[in-house]
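The values are calculated or read from the model by the stated rules, or taken from the named source; none is laboratory data. What you see is a predicted model, and the numbers here were worked out from it, not measured in a lab. Because the Cβ atoms are built from the backbone with ideal geometry, glycine has one as well, and the counts that use them run over all protein chains shown.
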Amino acid sequence: MPDLDRRPGVLTAALSVVALTVAVLQTGVVPVLGVIAAQLNASTVDVSWAVTANLLAAAATTPLIGRLADLYSKRRVLLVVLTVVLAGSLLAALTSSLPLLIVARVLQGASFSLYPIGVSILREELAPERLMRALAVLSGTLGFGGGMGLVVTGLLMRGDAGYHRVFWLTTAFTVLVIVVVLLVVPARPRTSVGTVDWAGALGIGIGLSAVLLAITQASSWGWLSARTIASTALGVVVLGIWWWWERRCPQPLVSAAMLSRRPILLTNIATVLVGMGLYLSFLGLTDFVQAPVETGYGFGATVLGASVVFLLPGALAGFATAVASGRYIDRFGARVVLVAGAAAGVAGFVLMAVLHDEPWQVIAATILANAYISLAYGALPALVVREVDPGETGVATSMNAIARTIGSSVAAAIVAVLLGRSHGSYPPERSFITIFVLGAVTAAGALMLIAASHPRLRRLESIDDVADSRALNHEWG
C-alpha cells in the first residue's frame, strides 16, 4: 500500500514543478527560433531542427524510460533523466554552434519522460482517494507551463537579448528541480520484476521518429516529396514490424493487448486530438494577435504583449481549472469532466473563428480553450491509469504522452502550411479562421471518442486492487 503518512500536497506540488520542466522546454524555445537564426547566421530551416530533433529524441526515448521507471527505482530514473536534461541545457547555454545546439536539444528531449514518471510516482505513493485529484493538478501544469514558457521567453527577450538567456533559465530551473526531487520524492526500491525489451525499444524509437520526421519536415520538404513519402513509409513499416514483435515477445516493452484495448485506444486517439488543440490555439493565436493592424484582423502585438495580454489570462485560468478539476473528477468521473471540457473547447474555438475583432473577445475565447486543455490533461491520465496495472503505469502514460506529442507535431505542421508567408506578406484572415475551426473539430472529435469509450472492469487480484476499486469505482459512474 502507498505511504499514507507522507504529505500528498507537498509531493504533488514537487512533481508538478518537475512536469513544468517539460512544458517550458517544449514551448519556451519556439519564440526565439528567429533570434537563433539571426545570431548564428543560419537559415530558419536549419534552425527548425532545434525543435525537430527535440521531438524525435522524445519519441525515441519516452517509452523506454517509462518502462525503466516501471521496473526500477522511480526516483533514481527521475534523477538520471534530469541530469541528462541539465547537461543539454548547459550545453545550449554555452555553445554558439548550431550542430551542438541541436545535440543539446536532443539531450533535452529526455524531459518528455518526466511526466509519465511523475504519474507513476503518484500512483505508488498516494492513497487511492487522493490520486485522481493529484493527477489533475500534475497534468494541468503541462498546459499552464506551455503558456508560461511563452510569457517568460517574452520577458527575457526584450531588446537585443541573446537567445542564450532562455537556456540559462532552463539550466537554473533544472538545478532547482533536481534539488526539489532530492528533498521531496521518496526513494523506494524496485517494485516490479521483468526485463527491458531492447528490440521493442529500438523498433518503436525508429518507427515513431520516422513518422514524426515526416510530419515536422513536410512543410519544408514538400508533402509529396520523395523524402516525406520515404520517411513515412519507413516509419509505418517499422511500426508494423514492432507491433508484430510486441505481440509475440514474452515481456514486451509495450503490451499490444493493452494498447488495443478499446478504452486505451480511444483515449490515446483523443489525446492526439487534444495535443492538436493545444498547438492550434497557441500557435494560431500568437500569430493572429501579432499581425499588423493594417492586415485588417491583427492587433500588432509584440511577443511580450501577445504573451502577457492574450496568453497569460488563459494560462492562469487553465491552471485554476486544473487545480479544481480534481474535485470534479472525484465527484462526476473523468469521462464526464473530459466531455464537459471538450464542449468548452468547441465553444472557445468557434468564438475565435467568429468573433475576433476586439481583444476581449480573443481573451475570452482563449480562456475557454485553455479550460478545455486543462480539463483534458487532467482527465486523460485518469482514464489511462484506471485501465492498466500498476506495473504498466509508466509505459502506458508514456505512450499517452507520445500521442500528445504526435498531435502537437501534426498541428504545428498544419499551422506552418496555413500561415506560410510569401514575399514577406501576412496570411489572409481565412487561414486563421481555418485553424480555429480545426481546433473546434478536434475538440468535438475528442468529445465523441471519450463519450463512446467504455472502461474495462479489471479482475481484482489483491487487497490493494480492492481498495483502488472501491475508491475509484464512482470514477466511471
Pair list, Cβ under 7 Å, 6 or more apart: region 334-362 residue surrounded by fewer than 20 Cβ atoms within 10 Å (Cβ to Cβ), other residue not in a helix (DSSP H, G or I): Val336/Gly477; Pro359/Phe299; Gln361/Leu355
Residue ID - farthest from Gly445 (Cα to Cα), chosen from residues in region 273-297 that are buried (at least 19 other Cβ atoms within 10 Å of the Cβ) and of a type in the set (Gly, Ala, Ser): Ala291
Asp70 being more than 22 Å from Glu392 (Cβ to Cβ), in contact (Cβ under 8 Å) with a residue 24 or more places away in the chain and charged (D, E, K, R): no
Condition check for Arg188: touching an Asp or Glu at 6+ places or on another chain (Cβ under 8 Å) and within 26 Å of Tyr372 (Cβ to Cβ): no
Region 38-60: number of residues that are hydrophobic (A, V, I, L, M, F, W, C) and either closer than 19 Å to Trp221 by Cα or not assigned by TED's automatic domain parsing to the domain that holds Leu278 (or both): 9
Members of region 188-227 found to be among the aliphatic types (A, V, I, L, M), surrounded by fewer than 19 Cβ atoms within 10 Å (Cβ to Cβ) and farther than 30 Å from Pro250 by Cβ, listed by number: Leu224, Ala226
Flag for Ala317 being among the small types (Gly, Ala, Ser) and surrounded by fewer than 20 Cβ atoms within 10 Å (Cβ to Cβ): no
Exclusive hit being in contact (Cβ under 8 Å) with a residue 24 or more places away in the chain and surrounded by 20 or more Cβ atoms within 10 Å (Cβ to Cβ), set Val29, Val51, Val45, Val10: Val29
Residue match in region 440-451 (condition: surrounded by fewer than 21 Cβ atoms within 10 Å (Cβ to Cβ) and either assigned to a loop (DSSP other than H, G, I, E, B) or modelled with pLDDT under 85 (or both)): yes
Evaluation of Ala301 against (1) surrounded by fewer than 17 Cβ atoms within 10 Å (Cβ to Cβ); (2) assigned to a loop (DSSP other than H, G, I, E, B) (one fails), failing number: (1)
Residue identified as within 23 Å of the chain's Cα centre (by Cα) and within 29 Å of Leu68 (Cα to Cα) among Gly154, Gly146: Gly146
Any chance Thr216 is assigned to a helix (DSSP H, G or I), under 21 Å from the mean Cα position of the chain (by Cα), of a type in the set (Ser, Thr, Tyr) and within 26 Å of Val410 (Cα to Cα): yes
Test for Gly378: is it farther than 13 Å from Val274 by Cβ and outside the structural domain of Leu212 (by TED's automatic domain parsing): no
